[in-house]
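Since every read-out is calculated from the coordinates, none of them should be taken as a lab result. Given the structure is predicted, the values throughout are model-derived calculations rather than measurements. Heads up, the Cβs are rebuilt from the backbone with ideal geometry, glycines too, and the neighbour counts pull from every protein chain shown.
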Ligand SMILES: NC(=O)c1ccc[n+]([C@@H]2O[C@H](COP(=O)([O-])OP(=O)(O)OC[C@H]3O[C@@H](n4cnc5c(N)ncnc54)[C@H](OP(=O)(O)O)[C@@H]3O)[C@@H](O)[C@H]2O)c1
């Protein structure tokens, strides 16, 4: 199926590793040119090299911090001036502070501030800078990566979840405000995704992995590919009548019917 994004420009934040890197690959595989953004210049340039070599599209690495306004402004300038974009904006972020704890044990204001900045303010900072540049093009796709823990609380995940609920709300408001410009805005809400890429080894002990698998009717962890496929679909021409929605990629973990 032709997803209709060949030649479009996609900005993918937090894309030097993990989900962001894989999403950039998935969009590039469909012919989109990509602008990558994260703090580690070397890692980011290596991802851009990989993408150019594997997919034959343009890929530009823009090293920068989502929390630094001047870095985000530079991201907008490069996306607009070098690739005439953005058409597609993927709002991925870094993780909440580690280790996660029980809610009443999360007593440190600095950790809450860090979680707010990493999970919510970073998304707002990028969106407020880049979305105005998408208006007037007649077509656009915004996809934020949140978490299914927004809909189904997971043990020890309050610090990681509270501000992602804010992202879902922000994106819903955005969808209402940018629809007139032919732009959709949606969330993808993953959970229980295998993150063994992070250390190159299994991220969980066998007991932890077994406990996680029991949380889903499918009895397994999800793959990065399964998240990227949904993000790429939401960025496609075919997803043009989906906006203000959030799609779970969590193997059925969320218990609610609606
Ligand atoms: N695995 C799951 O089941 C699951 C479920 C729900 C949600 N998530 C969320 O999905 C997101 C991605 O997860 P992941 O496993 O791919 O994480 P990851 O491998 O740790 O990658 C995080 C990325 O964020 C970048 N980053 C962090 N802070 C940044 C900043 N201030 N400015 C720019 N870039 C920044 C990092 O690059 P630099 O260090 O180079 O900046 C890196 O590229 C996380 O928010 C995670 O919590 C995961």
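Averaging the Cα positions of each part gives two centres, and for segment 187-258 and segment 142-185 these lie 15 Å apart.
Against the longest alpha carbon principal axis of the chain, how many degrees, from 0 to 90 and to the nearest 10, is the axis of helix 122-134 turned? Between helix and principal axis, roughly 20 degrees. Sorting 104-111, 69-76 by their mean Cβ neighbour count within 10 Å, with the most densely packed peptide first, gives 69-76, 104-111.
A helix-only calculation puts the chain at -12500 deg cm²/dmol for mean residue ellipticity at 222 nm, using -39500 (n - 2.57) for each DSSP H run of at least four residues, averaged over all residues. Spacing of the modelled spin labels on residue 114 and residue 67, each 7 Å from Cα toward Cβ, amounts to 0.9 nm.
The angle between the Cα long axis of helix 18-29 and the main principal axis of the chain comes to about 40°, on a 0 to 90 degree scale.
When you restrict to C-alpha pairs under 8 Å that are six or more residues apart and normalise by the size of the chain, the relative contact order lands at 19 percent. Considering only alpha-carbon pairs that sit under 8 angstrom and 6 or more positions apart, the relative contact order computed for segment 121-258 is 31 percent. Relative to the dominant Cα principal axis of the chain, helix 69-83 is inclined by about 50°.
The alpha carbons of segment 156-258 give a radius of gyration and a Dmax of 15.7, 49 Å, in that order.
When both segment 72-105 and segment 114-139 are represented by their alpha-carbon centers, they are found 8 Å apart. The packing ranking of peptides 227-236, 161-170, 45-54, 9-18, highest mean first, is 9-18, 227-236, 161-170, 45-54, where packing means the average number of other beta carbon atoms within 10 angstrom of each residue.
For segment 1-49, the fraction of alpha-carbon pairs lying more than 17 Å apart is 28 percent, rounded to a whole number.
For segment 1-144, the normalised intensity computed at q = 0.10, 0.13 Å⁻¹ comes to -0.34, -0.55 (log10 of I(q)/I(0), Debye sum over alpha carbons, equal scatterers, no solvent). For segment 9-249, the fraction of C-alpha pairs more than 24 angstrom apart is 43%.
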